[in-house]
Amino acid sequence: MATQFVLFLLMISCYALTIVKADDTGFVGSVDLSMSEKKQTMSQFRFYFHEILNGPNATAATVADALPKYNTTTFFGLVGIMDNILTLGPDRNSKAVGRVQGLYAATSQTNFTLVPVLNFILSQGKYNGSYITVLGWNPMNLKVREMPVIGGSGVFRFARGYVETNTIFLDLQNGSTIEYNIYVSHY
């Protein structure tokens, strides 16, 4: 009799599980898969961002100073934020196509290495209002650095890819010009 009762409870539990829908929980629902039916596009963008560290038009600010022991060599402990203009050419006066907003931290005790979190927010054409998000490891002693594209929004929803970056100009007192070649797969 006990075995029959346990089997009866098991059958009722299985039945109850089949009639409960995912969206009845209040925190999960079905996903529209129409995005997966669209063809992915692979795009390559070349942008330059221009960072100004001092003066009335500064586009970057230090949030936390480097630790004194590392201040002049690796800047370990430095944390900064930025809102830099994004242009088509290395000249600051070339056509502006958006902004790069984000933060960065110097994370190495042995060399000048940044870990940036960057949003490339575009303002031109079909890309207006869309952005590409990059997060990675950026050892500044290398001529060309590679970091992953971890996502985006708008045209770049479900984006993935990588960036190659190199420094065109760097003055730790005044600012920099950095080239970003972004290779991104998106819908």
Residues located in segment 70-80, provided they are open to solvent by 80 Å² or more (accessible area, probe 1.4 Å) and in contact with a Phe, Trp or Tyr (Cβ under 8 Å, 6 or more places away or on another chain): T73
Residue match in segment 168-186 (condition: touching a His at 6+ places or on another chain (Cβ under 8 Å), open to solvent by 30 Å² or more (accessible area, probe 1.4 Å) and either more than 21 Å from V97 (Cα to Cα) or hydroxyl-bearing (S, T, Y) (or both)): no
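Evaluate segment 29-39: report whether one residue or more is crowded, with 16+ Cβ neighbours inside 10 Å and not in a loop (DSSP other than H, G, I, E, B).
Pass one, segment 29-39, residues crowded, with 16+ Cβ neighbours inside 10 Å: none.
For segment 29-39, residues crowded, with 16+ Cβ neighbours inside 10 Å and not in a loop (DSSP other than H, G, I, E, B): absent.
When only residues in segment 86-143 that are of a type in the set (D, E, K, R) and farther than 24 Å from R157 by Cβ count, which is modelled with the lowest pLDDT?
Keep residues of segment 86-143 that are of a type in the set (D, E, K, R), which gives 91-92, 95, 99, 126, 143.
Now narrow it down to the ones that are farther than 24 Å from R157 by Cβ: 91-92, 95, 143.
Numbers: D91: 96, R92: 93, K95: 97, K143: 96.
Checking each candidate, the answer is R92.
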Tally, over segment 91-131, of residues that are surrounded by fewer than 17 Cβ atoms within 10 Å (Cβ to Cβ), closer than 19 Å to I182 by Cβ and among the β-branched types (V, I, T): 2
Which listed residue is among the aromatic types (F, W, Y) and under 19 Å from A64 (Cβ atoms), from F158, F112: F112
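The values are calculated or read from the model by the stated rules, or taken from the named source; none is laboratory data. What you see is a predicted model; the values in this text were computed from it and never measured. Here Cβ is always computed from backbone atoms with ideal geometry, including for glycine, and neighbour counts include all displayed protein chains. Calculation scope for accessible area: heavy atoms of the full protein, side chains included, ligands and nucleic acids excluded. Shrake-Rupley method; radii C 1.70, N 1.55, O 1.52, S 1.80 Å.
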